[in-house]
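Asks: Shown below is the structure under consideration.
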Amino acid sequence: MASVTEQQANSGGLLYRLWLVYFFQGMAPGFWVPALTNILSAQGLSDWVALAFMIGPLGALVSPLLGGALADQLVSANRLYTASTLLAAVALAGAFGCLALHWNPWWFFGILMIHAVLAGPGWGLLAMVALTHLRHGERQFPLVRLGSTMGWVMAGSLTSFVFKTDTSASTGGAAAVAAGLAGLAAMGLPSTPPLGRVGSWRNSLGMGAFGLLRERDQLVFFTVTLLFSIPLAGFYMLAPQQLLVLGGKHPTATMSIAQWSEMLAMLVVAGLMTRYHVKTLLLWALGISVLRYGMSAYAGACGLLAWHIAGIALHGICYTFYFVTAQVFLDRRVAPELKGQAQGLLTLAASGLGPLLGALLCGWLRGNLLHADGSGWLELWLTLGAMIAACFGILALFYRGSRG
């Protein structure tokens, strides 16, 4: 096996290979996640939207930690990513195939759950591979991660302007192809063998990551991440619907504006991470998030589509400043034998428990605040914005932090 130093020698090729895998990794959900609410509505399944957005988080409650533990102790992270992503692509094709054939909705949700379990560890495993082999993670990781954003943008544009499938279940087929390409591209990634030892059943299941919470800043960080992810779940669940209410004609492509701003943020955050404290960047992300939901709230009050689109544009900045910073932060602070589990714990909070609670909350808000005449958006977004403001306060008061 080639050493890490030898693998880093061909840094240009490594950057390209990682970028390509991230491109397809981001393209897959970029096809179906922004369109899901409108796809289900077109199938007469509007009442199932909240459940649909709970599926991914439910899968992410277990599989990211387990995947991280396997990568830390038993299986090379790159091989585990390849296998799980290819299997997830098959499951995604099956789920949307059932929807296209108008089978009982439970077929769609059941197979989508299988996809969620298989895909759950993907982002954490890919981050582990990238941060292990990139020589200058702070500067290079955001540039590699930019590939996923570009893939998402490409998917949204193809959906709305080329395939014209904003409300069609066939969008899921395109997503499955993209996921399959991610798995195939990952076969060219360098070997990332486990660095830990097989220990107790607790560590084998990824439970060792919870030991990180004994340290004050880690506890505050993961708590805020969990709480922030609850209102954040409303973005893809509710923003496309508001676009249609306000007269938007291409909701999937319009939602990809968030990824355009995310691309710009990726280019900026690489430099900011070498100049500012982690706490500063996280607070910026939370503050901009409050403003972002405030713009959508104002759009609901005045009926102007432009304000909602402006809010969508800010989402990419919020997401990048928080979650890219978070992944690099964990890579710096965590022992090598726990890095996979730490990334899994981040996925559990940010893509599992937080969005699960968020889907329940946003489903309730959607049913109780939104009305047939198009009103209620002001109250909905202000509620979610207030929750993010509380996260800002918790982080500002209780996170001590240090430079880097």
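Asks: How many residues does segment 101-114 contain that are surrounded by 17 or more Cβ atoms within 10 Å (Cβ to Cβ) and either touching a residue at least 60 places away in the same chain (Cβ under 8 Å) or more than 19 Å from ALA60 (Cα to Cα) (or both)? Step through it out loud before you land on a result.
Replies: Start the filter on segment 101-114 by keeping residues that are surrounded by 17 or more Cβ atoms within 10 Å (Cβ to Cβ), which leaves 105, 108-109, 111-114.
Restricting the remaining residues to those that are either touching a residue at least 60 places away in the same chain (Cβ under 8 Å) or more than 19 Å from ALA60 (Cα to Cα) (or both) gives 105, 109, 112.
Number of matching residues: 3.
Listed here are the residues, each with its yes/no results for (1) surrounded by 19 or more Cβ atoms within 10 Å (Cβ to Cβ); (2) in contact with a strand residue (DSSP E or B) (Cβ under 6 Å, 6 or more places away or on another chain); (3) without any contact (Cβ under 8 Å) to a residue 40 or more places away in the chain; (4) within 19 Å of VAL144 (Cβ to Cβ).
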residue: TYR16; (1), (2), (3), (4): no, no, yes, yes
residue: GLY30; (1), (2), (3), (4): yes, no, no, yes
residue: LEU36; (1), (2), (3), (4): yes, no, no, no
residue: PRO57; (1), (2), (3), (4): yes, no, no, no
residue: LEU66; (1), (2), (3), (4): no, no, no, no
residue: TYR81; (1), (2), (3), (4): yes, no, no, yes
residue: THR85; (1), (2), (3), (4): yes, no, no, yes
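Asks: Same structure, new question: Among GLY151, GLY156, GLY173, GLY122, which is the only one that is more than 30 Å from THR274 (Cα to Cα) and surrounded by 24 or more Cβ atoms within 10 Å (Cβ to Cβ)? First the steps, then the outcome.
Replies: Working: GLY151 fails: more than 30 Å from THR274 (Cα to Cα); GLY173 fails: surrounded by 24 or more Cβ atoms within 10 Å (Cβ to Cβ); GLY122 fails: more than 30 Å from THR274 (Cα to Cα).
One residue alone meets the criteria, GLY156.
Asks: Let me ask something additional. Could you figure out which of (1) modelled with pLDDT under 90; (2) within 26 Å of GLY67 (Cβ to Cβ); (3) among the aliphatic types (A, V, I, L, M); (4) surrounded by fewer than 19 Cβ atoms within 10 Å (Cβ to Cβ) isn't true of LEU357?
Replies: All conditions pass for LEU357, except number (1).
Asks: Among the residues of segment 301-313, are any closer than 23 Å to ALA130 by Cβ, touching a helix residue (DSSP H, G or I) at 6+ places or on another chain (Cβ under 7 Å) and crowded, with 24+ Cβ neighbours inside 10 Å? Explain how you work it out, then say what you get.
Replies: Step one: of segment 301-313, the residues closer than 23 Å to ALA130 by Cβ are none.
Checked segment 301-313: no residue is closer than 23 Å to ALA130 by Cβ, touching a helix residue (DSSP H, G or I) at 6+ places or on another chain (Cβ under 7 Å) and crowded, with 24+ Cβ neighbours inside 10 Å.
Asks: Could you give me the residue pairs with C-beta distances under 7 Å whose first residue belongs to segment 373-389 and is farther than 17 Å from ALA233 by Cβ, whose second residue is modelled with pLDDT under 95 wherever it lies, and which are 6+ apart or on separate chains?
Replies: Going by the 7 Å Cβ cut-off, the qualifying pairs are GLY374/VAL245; GLY376/LEU369; GLY376/LEU370; LEU378/GLY300; LEU378/ALA301; GLU379/LEU369.
Asks: Do you know which of the residues in segment 367-399 that are of a type in the set (S, T, N, Q) and modelled with pLDDT under 95 is surrounded by the most Cβ atoms within 10 Å (Cβ to Cβ)? Before you say what the answer is, go through the steps one by one.
Replies: If we filter segment 367-399 for residues that are of a type in the set (S, T, N, Q), which is where we start, we get 368, 375, 383.
Then keep just the ones that are modelled with pLDDT under 95; that gives 368, 375.
On the way: ASN368: 11, SER375: 14.
Looking at residues that are of a type in the set (S, T, N, Q) and modelled with pLDDT under 95, I get SER375.
Asks: I'd like to know if segment 95-109 contains one or more residues that are at pLDDT 95 or above and within 19 Å of the chain's Cα centre (by Cα).
Replies: No, segment 95-109 has no match at all.
Asks: Filter segment 239-270 for residues that are at pLDDT below 85 and of a type in the set (Gly, Ala, Ser); which is farthest from ALA306 (Cα to Cα)?
Replies: ALA270
Asks: Can you report the number of residues in segment 281-306 which are outside any loop (DSSP other than H, G, I, E, B), over 26 Å from MET154 (Cα atoms) and either touching a Leu at 6+ places or on another chain (Cβ under 8 Å) or in contact (Cβ under 8 Å) with a residue 60 or more places away in the chain (or both)? Even if it seems obvious, please write down each step before you answer.
Replies: Taking segment 281-306 as the starting set, the residues that turn out to be outside any loop (DSSP other than H, G, I, E, B) are 281-302, 305-306.
Those left that are additionally over 26 Å from MET154 (Cα atoms): 281-284, 286-287, 290-291, 294, 297-302.
After this cut, where a residue has to be either touching a Leu at 6+ places or on another chain (Cβ under 8 Å) or in contact (Cβ under 8 Å) with a residue 60 or more places away in the chain (or both) as well, the list is 281-283, 286-287, 290-291, 294, 297-301.
So the count comes out to 13.
Asks: Right, something else. Return a yes/no flag: does segment 259-282 have any residue that is over 27 Å from PHE141 (Cα atoms) and of a type in the set (A, V, I, L, M, F, W, C). Talk me through it step by step, then tell me what you get.
Replies: Here is the first cut: in segment 259-282, the residues over 27 Å from PHE141 (Cα atoms) are none.
The answer is no; no qualifying residue exists.
Asks: Just name the residue that is farthest from LEU92 (Cα to Cα) out of those in segment 116-127 that are in a helix (DSSP H, G or I) and in contact (Cβ under 8 Å) with a residue 60 or more places away in the chain.
Replies: Initial filter on segment 116-127 (in a helix (DSSP H, G or I)): 116-119, 122-127.
Now restrict to residues that are in contact (Cβ under 8 Å) with a residue 60 or more places away in the chain: 116, 119, 122-127.
Working: ALA116: 9, ALA119: 10, GLY122: 14, TRP123: 17, GLY124: 19, LEU125: 19, LEU126: 19, ALA127: 22 Å.
Restricting to residues being in a helix (DSSP H, G or I) and in contact (Cβ under 8 Å) with a residue 60 or more places away in the chain, the top hit is ALA127.
Asks: Taking segment 75-112 on its own, how many of its residues are under 29 Å from ARG17 (Cβ atoms) and not hydrophobic (A, V, I, L, M, F, W, C)?
Replies: 8
Asks: State all residues of segment 208-252 that are in a loop (DSSP other than H, G, I, E, B) and in contact with a Cys (Cβ under 9 Å, 6 or more places away or on another chain); if no residue qualifies, say none.
Replies: Start the filter on segment 208-252 by keeping residues that are in a loop (DSSP other than H, G, I, E, B), which leaves 215, 233, 246-250.
If the condition is that a residue be in a loop (DSSP other than H, G, I, E, B) and in contact with a Cys (Cβ under 9 Å, 6 or more places away or on another chain), then ALA233 is the only one that fits.
Asks: Residue check: is LEU51 of a type in the set (A, V, I, L, M, F, W, C) and more than 22 Å from the chain's Cα centre (by Cα)? Before you say what the answer is, go through the steps one by one.
Replies: Working: of a type in the set (A, V, I, L, M, F, W, C): yes; more than 22 Å from the chain's Cα centre (by Cα): no.
Criteria not met by LEU51.
The values are calculated or read from the model by the stated rules, or taken from the named source; none is laboratory data. Please read all numbers here as calculations on a predicted model, not as lab measurements. Note that we place each Cβ from the backbone using ideal geometry, even for glycine, and neighbour counts take in every protein chain shown.
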